[in-house]
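These notes concern the structure reproduced below.
The values are calculated or read from the model by the stated rules, or taken from the named source; none is laboratory data. The structure displayed is predicted, hence computed values, not measured ones. Reconstructed Cβ throughout: ideal geometry from the backbone, glycine too, with neighbour counts over all protein chains shown. Quick note on the areas: whole protein, heavy atoms, side chains included, nothing else; ligands and nucleic acids left out. Shrake-Rupley method; radii C 1.70, N 1.55, O 1.52, S 1.80 Å.
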Amino acid sequence: MKIKKTIYFIIIFLIFTSAAAYPQDFNTENIKNTIKILSSDKYRGRLAGDKGNALAAEYISSYFKSLGLKEGGDNNTFYQKFEIIVPFITGDCRLKVIDKSGKTVKEYEYGKDFKELIYGASVKGEVVGKIKSDNNEGTIEIIEGGFGENSLEYSQDLILKKSGIKAVLYTTNMNFRFRSPYKLQKTYDDGIVKLMISKNILNEILKYSSLGYSFYIKSPVEVKKVYASNVIGILEGSDKNLPPVILSAHFDHVGFDADGKIYPGALDNASGTALLLECARVLKSSNQKRTIIFAAFNGEEEGLIGSKYFTENPPIDIKGAECINFDMVGSIDKAPLSILSLESRAEFSSQLFKIISPKVSTKLMYDDNSDHAPLCRAGIDAVTLIHDNITKIHTPNDTLENVDVKRIKEVYTAAEAFLKYRDIVMVSSQFNNKHHIPVEAFIFSAIILISAGIRAALYLKKKCHPVDK
Ligand SMILES: [Zn+2]
(Lines give C-alpha, C1' and ligand atoms only; values in the text may rest on other atoms or scores of the structure.)
Protein backbone atom coordinates (compact mmCIF):
# COMPACT_ATOMS: atom_id res chain seq x y z
CA MET A 1 0.00 0.00 0.00
CA LYS A 2 2.71 2.43 0.98
CA ILE A 3 4.79 1.63 -2.12
CA LYS A 4 1.70 2.22 -4.22
CA LYS A 5 1.12 5.56 -2.53
CA THR A 6 4.73 6.61 -3.06
CA ILE A 7 4.59 5.72 -6.74
CA TYR A 8 1.31 7.58 -7.01
CA PHE A 9 2.87 10.68 -5.46
CA ILE A 10 5.91 10.44 -7.71
CA ILE A 11 3.67 10.24 -10.79
CA ILE A 12 1.75 13.37 -9.73
CA PHE A 13 5.04 15.08 -9.02
CA LEU A 14 6.35 14.24 -12.51
CA ILE A 15 3.17 15.48 -14.17
CA PHE A 16 3.36 18.81 -12.39
CA THR A 17 7.06 19.35 -12.80
CA SER A 18 6.92 18.46 -16.50
CA ALA A 19 4.10 20.97 -16.97
CA ALA A 20 6.22 23.57 -15.24
CA ALA A 21 9.50 22.82 -16.98
CA TYR A 22 8.26 22.65 -20.57
CA PRO A 23 7.63 25.99 -22.22
CA GLN A 24 4.07 26.57 -23.32
CA ASP A 25 5.11 28.43 -26.43
CA PHE A 26 2.02 30.41 -27.11
CA ASN A 27 -0.23 31.92 -24.50
CA THR A 28 -3.73 32.99 -25.49
CA GLU A 29 -4.13 34.78 -22.16
CA ASN A 30 -1.32 37.18 -23.13
CA ILE A 31 -3.07 37.84 -26.43
CA LYS A 32 -6.40 38.45 -24.74
CA ASN A 33 -4.80 40.76 -22.21
CA THR A 34 -3.11 42.90 -24.88
CA ILE A 35 -6.31 43.18 -26.93
CA LYS A 36 -8.23 44.15 -23.80
CA ILE A 37 -5.70 46.86 -22.98
CA LEU A 38 -5.33 48.35 -26.48
CA SER A 39 -9.08 48.36 -27.13
CA SER A 40 -9.87 50.04 -23.80
CA ASP A 41 -11.16 53.63 -23.61
CA LYS A 42 -7.78 54.89 -22.43
CA TYR A 43 -6.47 54.53 -25.99
CA ARG A 44 -9.41 56.46 -27.54
CA GLY A 45 -9.60 54.35 -30.69
CA ARG A 46 -5.87 54.83 -31.45
CA LEU A 47 -6.26 57.35 -34.28
CA ALA A 48 -2.84 58.26 -35.72
CA GLY A 49 -1.72 61.58 -34.24
CA ASP A 50 -4.15 61.40 -31.33
CA LYS A 51 -2.94 61.04 -27.73
CA GLY A 52 -4.60 57.60 -27.46
CA ASN A 53 -2.46 56.45 -30.38
CA ALA A 54 0.68 57.84 -28.73
CA LEU A 55 -0.20 55.92 -25.54
CA ALA A 56 -0.58 52.71 -27.57
CA ALA A 57 2.84 53.34 -29.15
CA GLU A 58 4.25 53.81 -25.66
CA TYR A 59 2.72 50.53 -24.53
CA ILE A 60 4.30 48.63 -27.45
CA SER A 61 7.64 50.39 -26.99
CA SER A 62 7.74 49.44 -23.29
CA TYR A 63 6.87 45.87 -24.18
CA PHE A 64 9.71 45.66 -26.72
CA LYS A 65 12.02 47.17 -24.13
CA SER A 66 10.98 44.66 -21.46
CA LEU A 67 11.88 41.86 -23.89
CA GLY A 68 15.30 43.38 -24.46
CA LEU A 69 14.80 43.95 -28.19
CA LYS A 70 17.12 46.37 -29.94
CA GLU A 71 15.70 49.80 -30.77
CA GLY A 72 14.80 49.96 -34.47
CA GLY A 73 13.49 53.52 -34.50
CA ASP A 74 15.02 57.00 -34.60
CA ASN A 75 17.88 58.04 -32.30
CA ASN A 76 18.11 54.77 -30.37
CA THR A 77 14.42 54.62 -29.60
CA PHE A 78 11.71 52.21 -30.78
CA TYR A 79 9.81 55.09 -32.43
CA GLN A 80 10.07 55.74 -36.14
CA LYS A 81 8.43 59.12 -36.66
CA PHE A 82 6.77 60.23 -39.91
CA GLU A 83 4.39 62.90 -41.17
CA ILE A 84 0.78 62.05 -41.86
CA ILE A 85 -2.41 63.90 -42.77
CA VAL A 86 -5.26 62.89 -40.47
CA PRO A 87 -8.87 64.06 -40.16
CA PHE A 88 -9.43 64.87 -36.47
CA ILE A 89 -12.79 65.37 -34.81
CA THR A 90 -12.47 68.39 -32.56
CA GLY A 91 -15.71 69.61 -31.04
CA ASP A 92 -19.34 68.87 -31.74
CA CYS A 93 -21.28 68.39 -34.94
CA ARG A 94 -24.72 69.96 -35.44
CA LEU A 95 -27.53 70.27 -37.94
CA LYS A 96 -30.45 72.54 -37.06
CA VAL A 97 -33.39 74.19 -38.78
CA ILE A 98 -33.70 77.83 -37.69
CA ASP A 99 -36.29 80.53 -38.25
CA LYS A 100 -35.77 84.18 -39.21
CA SER A 101 -35.05 85.23 -35.60
CA GLY A 102 -32.39 82.52 -35.31
CA LYS A 103 -34.52 80.30 -33.06
CA THR A 104 -34.10 76.52 -33.42
CA VAL A 105 -37.17 74.92 -34.99
CA LYS A 106 -35.74 71.42 -35.28
CA GLU A 107 -32.47 69.81 -34.26
CA TYR A 108 -31.37 66.59 -35.96
CA GLU A 109 -29.73 63.66 -34.21
CA TYR A 110 -26.01 63.13 -34.67
CA GLY A 111 -25.08 59.60 -35.70
CA LYS A 112 -28.64 58.82 -36.77
CA ASP A 113 -29.79 61.65 -39.04
CA PHE A 114 -26.43 63.12 -39.98
CA LYS A 115 -22.71 63.10 -39.39
CA GLU A 116 -19.54 64.97 -40.38
CA LEU A 117 -18.01 64.02 -43.72
CA ILE A 118 -14.23 63.86 -43.73
CA TYR A 119 -13.61 63.24 -47.41
CA GLY A 120 -12.31 65.81 -49.89
CA ALA A 121 -11.51 69.37 -48.80
CA SER A 122 -13.55 69.10 -45.60
CA VAL A 123 -12.97 71.81 -42.97
CA LYS A 124 -14.10 72.69 -39.47
CA GLY A 125 -16.62 75.49 -39.28
CA GLU A 126 -20.12 76.83 -38.73
CA VAL A 127 -22.43 77.95 -41.51
CA VAL A 128 -25.83 79.58 -41.29
CA GLY A 129 -27.64 79.82 -44.60
CA LYS A 130 -30.31 78.71 -46.96
CA ILE A 131 -30.34 75.65 -49.17
CA LYS A 132 -29.47 76.58 -52.73
CA SER A 133 -32.30 76.01 -55.16
CA ASP A 134 -33.34 77.24 -58.62
CA ASN A 135 -35.07 80.28 -57.16
CA ASN A 136 -32.71 81.35 -54.40
CA GLU A 137 -29.07 82.18 -53.86
CA GLY A 138 -28.49 79.75 -50.98
CA THR A 139 -25.03 78.95 -49.65
CA ILE A 140 -25.76 75.32 -48.74
CA GLU A 141 -25.72 72.73 -51.49
CA ILE A 142 -27.44 69.35 -51.28
CA ILE A 143 -25.76 66.65 -53.33
CA GLU A 144 -27.60 63.39 -53.72
CA GLY A 145 -25.52 60.31 -54.19
CA GLY A 146 -21.97 59.17 -53.85
CA PHE A 147 -18.90 60.64 -52.23
CA GLY A 148 -15.49 59.27 -51.56
CA GLU A 149 -11.90 60.12 -50.91
CA ASN A 150 -10.59 60.79 -54.39
CA SER A 151 -9.16 63.63 -56.45
CA LEU A 152 -12.55 64.36 -57.97
CA GLU A 153 -13.95 65.07 -54.52
CA TYR A 154 -11.31 67.76 -53.90
CA SER A 155 -11.75 69.49 -57.24
CA GLN A 156 -15.55 69.42 -56.85
CA ASP A 157 -15.27 70.97 -53.39
CA LEU A 158 -13.01 73.74 -54.61
CA ILE A 159 -15.30 74.52 -57.56
CA LEU A 160 -18.29 74.73 -55.19
CA LYS A 161 -16.33 76.99 -52.87
CA LYS A 162 -15.46 79.33 -55.72
CA SER A 163 -19.12 79.50 -56.73
CA GLY A 164 -20.05 80.84 -53.26
CA ILE A 165 -21.18 77.60 -51.61
CA LYS A 166 -20.15 77.37 -47.93
CA ALA A 167 -21.49 73.97 -46.91
CA VAL A 168 -22.51 70.73 -48.58
CA LEU A 169 -24.96 68.10 -47.38
CA TYR A 170 -24.41 64.74 -49.04
CA THR A 171 -27.31 62.30 -48.87
CA THR A 172 -26.48 58.70 -48.09
CA ASN A 173 -27.91 55.43 -46.84
CA MET A 174 -24.72 54.44 -45.11
CA ASN A 175 -24.44 53.40 -41.46
CA PHE A 176 -23.20 56.52 -39.68
CA ARG A 177 -21.47 54.37 -37.08
CA PHE A 178 -19.05 53.12 -39.68
CA ARG A 179 -15.97 55.28 -39.66
CA SER A 180 -12.85 55.55 -41.79
CA PRO A 181 -10.16 58.25 -41.62
CA TYR A 182 -8.76 57.29 -45.02
CA LYS A 183 -7.23 60.39 -46.64
CA LEU A 184 -5.48 61.00 -49.94
CA GLN A 185 -2.73 62.79 -47.97
CA LYS A 186 -3.42 66.09 -49.70
CA THR A 187 -3.29 69.48 -48.08
CA TYR A 188 -5.49 72.38 -49.18
CA ASP A 189 -5.71 76.01 -48.18
CA ASP A 190 -9.40 76.55 -48.48
CA GLY A 191 -12.05 73.94 -47.84
CA ILE A 192 -15.75 73.57 -47.31
CA VAL A 193 -17.99 72.46 -44.42
CA LYS A 194 -19.36 69.02 -45.20
CA LEU A 195 -21.93 66.76 -43.59
CA MET A 196 -23.62 63.60 -44.71
CA ILE A 197 -27.33 63.31 -44.07
CA SER A 198 -29.64 60.33 -44.04
CA LYS A 199 -31.94 60.01 -47.05
CA ASN A 200 -34.76 59.71 -44.49
CA ILE A 201 -34.51 63.38 -43.55
CA LEU A 202 -33.95 64.76 -47.07
CA ASN A 203 -37.62 65.42 -47.84
CA GLU A 204 -38.17 67.11 -44.50
CA ILE A 205 -35.16 69.37 -45.03
CA LEU A 206 -36.38 70.29 -48.52
CA LYS A 207 -39.80 71.05 -47.07
CA TYR A 208 -38.36 73.35 -44.38
CA SER A 209 -36.30 74.97 -47.10
CA SER A 210 -39.33 75.61 -49.31
CA LEU A 211 -41.05 77.25 -46.31
CA GLY A 212 -38.18 79.75 -46.08
CA TYR A 213 -36.31 78.31 -43.10
CA SER A 214 -32.53 78.52 -42.78
CA PHE A 215 -30.09 75.93 -41.50
CA TYR A 216 -27.28 75.89 -38.99
CA ILE A 217 -24.48 73.48 -39.86
CA LYS A 218 -21.43 72.79 -37.73
CA SER A 219 -18.60 70.43 -38.67
CA PRO A 220 -15.81 69.36 -36.30
CA VAL A 221 -13.45 68.01 -38.99
CA GLU A 222 -9.93 69.35 -38.75
CA VAL A 223 -7.61 67.83 -41.32
CA LYS A 224 -4.09 68.30 -40.01
CA LYS A 225 -0.58 67.29 -40.91
CA VAL A 226 0.89 65.72 -37.78
CA TYR A 227 3.55 63.29 -36.66
CA ALA A 228 2.86 59.67 -35.83
CA SER A 229 5.28 56.83 -35.12
CA ASN A 230 5.78 53.22 -36.09
CA VAL A 231 7.22 51.18 -33.24
CA ILE A 232 10.13 48.99 -34.32
CA GLY A 233 12.01 46.37 -32.29
CA ILE A 234 14.84 44.23 -33.61
CA LEU A 235 15.97 40.77 -32.56
CA GLU A 236 19.40 40.35 -34.03
CA GLY A 237 20.32 37.08 -35.69
CA SER A 238 23.71 35.38 -35.56
CA ASP A 239 24.28 35.68 -39.31
CA LYS A 240 24.13 39.33 -40.36
CA ASN A 241 24.58 38.38 -44.03
CA LEU A 242 21.14 36.79 -44.21
CA PRO A 243 18.21 39.04 -45.10
CA PRO A 244 15.87 39.75 -42.17
CA VAL A 245 12.39 38.43 -41.52
CA ILE A 246 9.80 41.11 -40.79
CA LEU A 247 6.79 40.40 -38.58
CA SER A 248 4.33 43.26 -38.50
CA ALA A 249 0.85 44.51 -37.60
CA HIS A 250 -0.74 47.95 -37.57
CA PHE A 251 -1.79 49.19 -34.14
CA ASP A 252 -3.64 52.36 -35.15
CA HIS A 253 -7.41 52.58 -35.59
CA VAL A 254 -10.07 55.14 -36.45
CA GLY A 255 -10.54 57.11 -33.21
CA PHE A 256 -13.87 58.40 -31.93
CA ASP A 257 -16.99 60.27 -33.00
CA ALA A 258 -18.04 63.83 -32.25
CA ASP A 259 -20.35 62.56 -29.51
CA GLY A 260 -17.43 60.75 -27.87
CA LYS A 261 -18.30 57.25 -29.06
CA ILE A 262 -15.04 55.29 -29.23
CA TYR A 263 -14.19 52.77 -31.95
CA PRO A 264 -12.20 50.18 -29.95
CA GLY A 265 -10.70 48.29 -32.90
CA ALA A 266 -10.28 44.98 -31.07
CA LEU A 267 -10.26 42.83 -34.20
CA ASP A 268 -8.92 45.71 -36.33
CA ASN A 269 -6.15 45.52 -35.27
CA ALA A 270 -5.47 45.14 -31.56
CA SER A 271 -5.67 41.42 -32.43
CA GLY A 272 -2.76 41.48 -34.89
CA THR A 273 -0.74 43.75 -32.59
CA ALA A 274 -1.29 41.34 -29.69
CA LEU A 275 -0.12 38.45 -31.86
CA LEU A 276 2.95 40.45 -32.93
CA LEU A 277 3.89 41.12 -29.29
CA GLU A 278 3.34 37.48 -28.37
CA CYS A 279 5.54 36.35 -31.30
CA ALA A 280 8.26 38.72 -30.08
CA ARG A 281 8.03 37.23 -26.59
CA VAL A 282 8.11 33.66 -27.84
CA LEU A 283 10.86 34.24 -30.41
CA LYS A 284 13.05 36.22 -28.05
CA SER A 285 15.09 33.22 -27.00
CA SER A 286 15.15 31.42 -30.33
CA ASN A 287 18.87 32.03 -31.07
CA GLN A 288 18.02 32.29 -34.75
CA LYS A 289 20.41 33.04 -37.59
CA ARG A 290 18.22 35.62 -39.23
CA THR A 291 17.51 39.01 -37.78
CA ILE A 292 13.82 39.52 -37.05
CA ILE A 293 12.25 42.97 -37.24
CA PHE A 294 9.06 43.42 -35.21
CA ALA A 295 7.23 46.33 -36.79
CA ALA A 296 4.08 47.81 -35.26
CA PHE A 297 2.84 50.06 -38.04
CA ASN A 298 0.91 53.27 -37.58
CA GLY A 299 -1.30 55.23 -39.98
CA GLU A 300 -2.63 52.14 -41.77
CA GLU A 301 -6.16 53.49 -41.70
CA GLU A 302 -5.20 56.73 -43.50
CA GLY A 303 -3.81 54.67 -46.39
CA LEU A 304 -0.91 52.39 -45.27
CA ILE A 305 1.19 55.45 -44.45
CA GLY A 306 3.37 53.92 -41.71
CA SER A 307 4.27 50.77 -43.64
CA LYS A 308 5.08 52.89 -46.68
CA TYR A 309 7.40 55.06 -44.60
CA PHE A 310 9.03 51.97 -43.08
CA THR A 311 9.59 50.47 -46.54
CA GLU A 312 11.29 53.65 -47.71
CA ASN A 313 13.24 54.13 -44.46
CA PRO A 314 14.04 50.66 -43.08
CA PRO A 315 16.09 50.53 -39.86
CA ILE A 316 18.41 47.97 -41.47
CA ASP A 317 18.80 46.70 -45.03
CA ILE A 318 15.61 44.82 -45.95
CA LYS A 319 16.68 43.71 -49.43
CA GLY A 320 15.64 40.09 -49.82
CA ALA A 321 13.56 40.22 -46.63
CA GLU A 322 10.32 38.34 -46.13
CA CYS A 323 7.41 39.83 -44.25
CA ILE A 324 4.39 38.35 -42.53
CA ASN A 325 1.87 40.98 -41.52
CA PHE A 326 -1.07 40.29 -39.19
CA ASP A 327 -4.31 42.18 -39.71
CA MET A 328 -7.65 41.27 -38.12
CA VAL A 329 -6.82 37.87 -36.71
CA GLY A 330 -9.23 35.78 -34.64
CA SER A 331 -12.60 36.93 -35.89
CA ILE A 332 -15.47 35.23 -34.01
CA ASP A 333 -17.35 34.74 -37.23
CA LYS A 334 -15.76 31.84 -39.00
CA ALA A 335 -14.11 33.80 -41.78
CA PRO A 336 -11.41 31.52 -43.20
CA LEU A 337 -7.76 32.46 -42.81
CA SER A 338 -6.55 34.24 -45.93
CA ILE A 339 -3.09 34.98 -47.23
CA LEU A 340 -3.19 38.37 -48.92
CA SER A 341 -0.46 39.40 -51.30
CA LEU A 342 0.08 41.19 -54.59
CA GLU A 343 0.37 39.32 -57.86
CA SER A 344 3.89 40.68 -58.26
CA ARG A 345 4.90 38.49 -55.29
CA ALA A 346 2.92 35.43 -56.40
CA GLU A 347 5.91 33.13 -56.18
CA PHE A 348 6.45 33.85 -52.49
CA SER A 349 2.77 33.82 -51.57
CA SER A 350 2.20 30.48 -53.35
CA GLN A 351 5.22 29.00 -51.61
CA LEU A 352 3.87 30.23 -48.30
CA PHE A 353 0.46 28.80 -49.13
CA LYS A 354 2.11 25.38 -49.69
CA ILE A 355 3.89 25.60 -46.33
CA ILE A 356 0.86 26.76 -44.36
CA SER A 357 -2.07 24.90 -45.92
CA PRO A 358 -1.17 21.41 -44.60
CA LYS A 359 -1.29 22.89 -41.07
CA VAL A 360 -4.10 25.42 -41.33
CA SER A 361 -6.89 25.65 -43.88
CA THR A 362 -6.27 28.84 -45.79
CA LYS A 363 -6.93 30.60 -49.08
CA LEU A 364 -4.64 32.74 -51.18
CA MET A 365 -5.86 36.12 -52.43
CA TYR A 366 -4.43 39.18 -54.12
CA ASP A 367 -5.44 42.42 -52.49
CA ASP A 368 -3.64 45.65 -51.64
CA ASN A 369 -5.65 46.87 -48.65
CA SER A 370 -3.20 46.05 -45.87
CA ASP A 371 0.39 46.76 -44.91
CA HIS A 372 1.95 44.05 -47.07
CA ALA A 373 1.21 46.20 -50.14
CA PRO A 374 3.90 48.94 -49.83
CA LEU A 375 6.50 46.23 -49.11
CA CYS A 376 5.39 44.13 -52.10
CA ARG A 377 5.51 47.20 -54.35
CA ALA A 378 9.12 47.76 -53.24
CA GLY A 379 10.01 44.22 -54.28
CA ILE A 380 9.87 42.66 -50.81
CA ASP A 381 8.15 39.32 -50.34
CA ALA A 382 5.27 40.21 -48.05
CA VAL A 383 1.87 38.81 -47.14
CA THR A 384 -0.89 39.63 -44.70
CA LEU A 385 -2.54 36.86 -42.69
CA ILE A 386 -6.15 37.84 -42.09
CA HIS A 387 -9.49 36.48 -40.89
CA ASP A 388 -11.30 38.78 -43.21
CA ASN A 389 -14.57 39.57 -41.48
CA ILE A 390 -15.75 43.14 -41.94
CA THR A 391 -19.15 42.98 -40.27
CA LYS A 392 -18.15 44.86 -37.11
CA ILE A 393 -14.89 46.56 -37.97
CA HIS A 394 -14.76 50.37 -37.98
CA THR A 395 -17.83 50.45 -35.75
CA PRO A 396 -18.14 50.89 -31.97
CA ASN A 397 -19.00 47.16 -31.83
CA ASP A 398 -15.50 45.96 -32.68
CA THR A 399 -14.85 45.03 -29.06
CA LEU A 400 -13.00 42.16 -27.39
CA GLU A 401 -16.19 40.10 -27.79
CA ASN A 402 -15.64 40.33 -31.57
CA VAL A 403 -12.44 38.31 -31.18
CA ASP A 404 -11.97 34.61 -30.55
CA VAL A 405 -8.43 34.38 -29.19
CA LYS A 406 -8.39 30.62 -29.80
CA ARG A 407 -8.57 31.34 -33.52
CA ILE A 408 -5.47 33.52 -33.21
CA LYS A 409 -3.62 30.31 -32.33
CA GLU A 410 -4.41 29.22 -35.90
CA VAL A 411 -2.66 32.29 -37.31
CA TYR A 412 0.24 31.73 -34.95
CA THR A 413 0.52 28.14 -36.22
CA ALA A 414 0.58 29.46 -39.80
CA ALA A 415 3.34 31.96 -39.00
CA GLU A 416 5.23 29.32 -37.04
CA ALA A 417 5.13 26.94 -40.03
CA PHE A 418 6.80 29.59 -42.17
CA LEU A 419 9.40 30.47 -39.54
CA LYS A 420 10.27 26.78 -39.05
CA TYR A 421 10.72 26.55 -42.80
CA ARG A 422 13.21 29.37 -42.44
CA ASP A 423 14.97 27.56 -39.58
CA ILE A 424 13.58 29.89 -36.98
CA VAL A 425 12.12 27.93 -34.11
CA MET A 426 9.76 29.50 -31.65
CA VAL A 427 11.22 28.59 -28.28
CA SER A 428 10.23 30.34 -25.13
CA SER A 429 12.45 30.05 -22.12
CA GLN A 430 10.95 29.54 -18.71
CA PHE A 431 13.41 32.05 -17.27
CA ASN A 432 12.19 35.05 -19.17
CA ASN A 433 8.63 33.92 -19.28
CA LYS A 434 6.74 35.75 -16.60
CA HIS A 435 3.28 34.46 -17.36
CA HIS A 436 3.81 30.90 -18.34
CA ILE A 437 4.93 28.88 -15.35
CA PRO A 438 2.21 28.46 -12.81
CA VAL A 439 3.77 29.21 -9.43
CA GLU A 440 1.07 27.05 -7.87
CA ALA A 441 2.37 24.06 -9.84
CA PHE A 442 5.81 24.55 -8.35
CA ILE A 443 4.55 24.92 -4.81
CA PHE A 444 2.23 21.94 -5.18
CA SER A 445 5.01 19.86 -6.71
CA ALA A 446 7.36 20.83 -3.91
CA ILE A 447 4.82 19.80 -1.26
CA ILE A 448 4.23 16.49 -3.01
CA LEU A 449 7.97 15.93 -3.40
CA ILE A 450 8.63 16.58 0.29
CA SER A 451 5.73 14.43 1.46
CA ALA A 452 6.71 11.65 -0.97
CA GLY A 453 10.29 11.89 0.25
CA ILE A 454 9.22 11.63 3.91
CA ARG A 455 6.96 8.68 3.12
CA ALA A 456 9.70 6.97 1.13
CA ALA A 457 12.20 7.56 3.96
CA LEU A 458 9.77 6.23 6.56
CA TYR A 459 9.03 3.22 4.39
CA LEU A 460 12.73 2.45 3.89
CA LYS A 461 13.39 2.98 7.57
CA LYS A 462 10.66 0.46 8.44
CA LYS A 463 11.98 -1.98 5.87
CA CYS A 464 15.55 -1.76 7.16
CA HIS A 465 14.53 -1.83 10.82
CA PRO A 466 11.47 -4.08 10.92
CA VAL A 467 11.80 -4.50 14.74
CA ASP A 468 11.60 -0.78 15.31
CA LYS A 469 7.93 -0.55 16.09
ZN1 LIG B 1 -9.20 49.17 -40.47
State the extension gain, in nm to one decimal, for the chain segment bounded by K359 and K207, taking 0.36 nm per residue of separation less the distance between their alpha-carbons.
-> 48.5 nm
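Dipole magnitude of the stretch 92-219 about its Cα centre, charges +1 at Lys/Arg Cβ and -1 at Asp/Glu Cβ only, in debye to the nearest 20?
Its charge dipole is roughly 260 debye.
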Collect residues whose amide H, placed 1.01 Å from N in the peptide plane, falls under 5 Å from the amide H of V223; neighbours closer than 5 in sequence don't count.
-> F88, K124
Solvent accessible area, Å² - E109, 1.4 Å probe, full protein context = 100 Å²
Measuring from the longest principal axis of the C-alpha atoms of the chain, the long axis of helix 439-464 (C-alpha) lies at a number of degrees, nearest 10, equal to 10 degrees
Do you know the relative contact order of the stretch 92-219, to the nearest whole percent, from alpha carbon pairs under 8 angstrom that are 6+ apart?
-> 40 percent
Protein chains only, probe 1.4 Å: how do R377, R46, R290, R345 rank by accessible area, largest first?
-> R377, R345, R290, R46
Antiparallel bridges, percent of DSSP beta bridges restricted to the chain (to nearest 5) = 55 percent
Rounded to 5, percent antiparallel among DSSP beta bridges of the stretch 266-401 | 30 percent
Taking a 1.4 Å probe, which of D404, D134 shows the most accessible area, and what order do the others take after it?
-> D134, D404
How many nm separate the modelled label positions at S155 and K106, each set 7 Å beyond the Cα in the direction of the Cβ?
-> 3.6 nm
Under 5 Å between amide H atoms, partner at least 5 residues away or on a different chain: which partners does I143 have, H built in plane at 1.01 Å?
-> L169, Y170, T171
Mean separation of Cα contacts under 8 Å (6+ apart) over length of the chain, as relative contact order % | 21 percent
Which whole-Hz ³J(HN,Hα) couplings does the stretch 325-335 yield from phi under the Karplus relation 6.51 cos²θ - 1.76 cosθ + 1.60, θ = phi - 60°, glycine and proline marked x?
-> 10, 10, 9, 6, 10, x, 5, 5, 6, 6, 5
Can you run phi through the Karplus equation (6.51, -1.76, 1.60; θ = phi - 60°) for the stretch 376-391 and list ³J(HN,Hα) in whole Hz, with x for Gly and Pro?
-> 4, 5, 8, x, 9, 6, 9, 9, 10, 9, 8, 9, 6, 10, 9, 5
Using modelled backbone amide H atoms (1.01 Å from N, in-plane), which distant-in-sequence or interchain residues come within less than 5 Å of G237's amide H?
-> T291, I292
0 to 90° range, to nearest 10: angle between helix 151-162 axis and the chain longest Cα axis = 30 degrees
Largest-first ranking of T291, T104 by accessible area, probe 1.4 Å, whole protein assembly kept, is T104, T291
Segment K51-E312, length gained on full extension (0.36 nm per residue, minus Cα span) | 91.4 nm
Would you mind working out the accessible area per residue for the chain, using a 1.4 Å probe, and quoting it in Å²?
-> 46 Å²
Accessible area (Å², 1.4 Å probe, nearest 10) - D74 | 60 Å²
Rounded to the nearest 10 Å², the accessible area of R94 using a 1.4 Å probe with every protein chain kept is 80 Å²
Evaluate the stretch 92-219: find the radius of gyration of its Cα atoms, find its Kirkwood radius, and give the ratio Rg to Rh.
-> 0.94
Partners for K112 among aspartates and glutamates (Cα-Cα distance below 16 Å; same-chain residues under 8 apart left out) = D92, E204, D257, D259
Quantify, in whole percent, the carbon and sulfur part of the accessible surface of the stretch 273-400 (1.4 Å probe; protein heavy atoms only).
-> 49 percent
Residue span N173 to V425: 0.36 nm per residue of separation minus Cα-Cα distance leaves a gain in nm of 85.7 nm
